[in-house]
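A short worksheet on the structure shown next.
The values are calculated or read from the model by the stated rules, or taken from the named source; none is laboratory data. Since the model is a prediction, treat every value here as computed from it, not as a measurement. Note: ideal-geometry Cβ built from the backbone for every residue, glycine included; neighbour counts use all protein chains shown. Just so you know, the surface numbers come from the protein's heavy atoms only, side chains and all, with ligands and any DNA or RNA stripped out. Shrake-Rupley method; radii C 1.70, N 1.55, O 1.52, S 1.80 Å.
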Amino acid sequence: MKTLKTYRLIALVLLLCACSADNDNDGVNFANATSREGCPNVTGPTAVYWDAANGIPAPFTSIPIMQGAKTRFTHSFPNINMSFDFPQGYTATEIAVPNSAFGVDLRRSNNNAQNKVFFRYYPVVSFNTTNIDQIRAFFINDLLANEYGFNGIPTLDCATPNQTVDFGGITRTVSNRAIRFGNTRAIISVAVVPTPLGSSASISISAGPINEYDSLVMNVFFPITFELLLPDRENLSDRDNDGVPDIFDIAPDNPNVS
């Protein structure tokens, strides 16, 4: 998991040719995007986000950083370095089960399914099965029934074949889905690594109203994802104090250029 995280970060850094704390330009650049992975049912920032879930780096020209009033979440488990900003009006619920699971659930408008935003990130969840289809189905059913009270059949917008990669004898299988149900769109990513007692899964879910999903991608989901890729960004050198770390700043000694 750490190796994949490093590869994704390197790919992101290579694509950041001019860095600032403003996401507006990329929102415009992504407005007419189509999926390079090949899903015809998502466009704009949603297509870029779907592609990123499938290992295709987003073509950012600026670092996606949380804008406006925000709150900081930091996981209580020691030594996992899991911390990120989230917008005010959202509630973060820590998941901390020793030797079994850790992560966070982030919610907005929890009691209003029409306006609800739900973001789930579990880097590690232990299962007694290695069947990724069963694990993915478990989390999708939990999302539908327990988070949104939806009892119907969701529309499947995008699906990729399960992909297995070998990292020095350790296999990692990934499965992604983009679905719609009611007023909500969700992108679900599941990765599974076999263990002696079953498997260790990584789960990412990003759900929200269809009519504002593109905005959520640019202003919530991508900024959080970036911080999860580089959780110690706040501690990086920033000589000109413009809010952009020197390694991403095209003019690290000029606070008027970032």
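Between rounded, prolate and oblate, where does region 156-214 land on the alpha carbon gyration tensor, with a ≥ b ≥ c its root eigenvalues, rounded for a/c under 1.5, else prolate if a/b exceeds b/c? Don't skip to the end; give the middle numbers.
Numbers: a/c = 3.47, a/b = 2.60, b/c = 1.33.
Because a/c hits 1.5 or more and a/b exceeds b/c, region 156-214 counts as prolate.
For region 187-231, averaging the sequence separation of C-alpha pairs within contact (under 8 Å, six or more residues apart) and dividing by the residue count gives a relative contact order of 27 percent. Residue 76 versus residue 145, label points 7 Å from Cα toward the beta carbon: distance in nm? Result: 2.9 nm between the two label points.
Heavy-atom surface analysis with a 1.4 Å probe gives region 104-143 a carbon and sulfur content of 42 percent of its accessible area.
Take each peptide in 127-140, 57-70, count the other Cβ atoms within 10 Å of every residue, and average; sorted highest first, the result is 57-70, 127-140.
Rounded to the nearest 10 square angstrom, residue 170 shows an accessible area of 100 square angstrom against a 1.4 Å probe. Separation of region 105-162 and region 60-96, taken as the distance between their Cα centroids, equals 20 angstrom.
Peptides 28-40, 44-56 ranked from most to least packed give 44-56, 28-40, packing being the mean of other C-beta atoms within 10 angstrom over each peptide's residues. Length gained on full extension, residue 110 to residue 197, computed as 0.36 nm times the residue gap minus the Cα-Cα distance: 27.8 nm. Calculate the tail of P(r) for region 21-166: the fraction of all Cα-Cα distances greater than 23 Å, expressed in %. In whole percent, the long-distance tail amounts to 53. Given R0 = 51 Å, the distance between the Cβ atoms of residue 183 and residue 100 translates into a calculated FRET efficiency of 0.95. Can you tell me how region 83-227 classifies by the Cα gyration tensor, rounded, prolate or oblate, using a/c under 1.5 as the rounded cut? Prolate is the answer for region 83-227, as a/c is 1.5 or above and a/b outweighs b/c.
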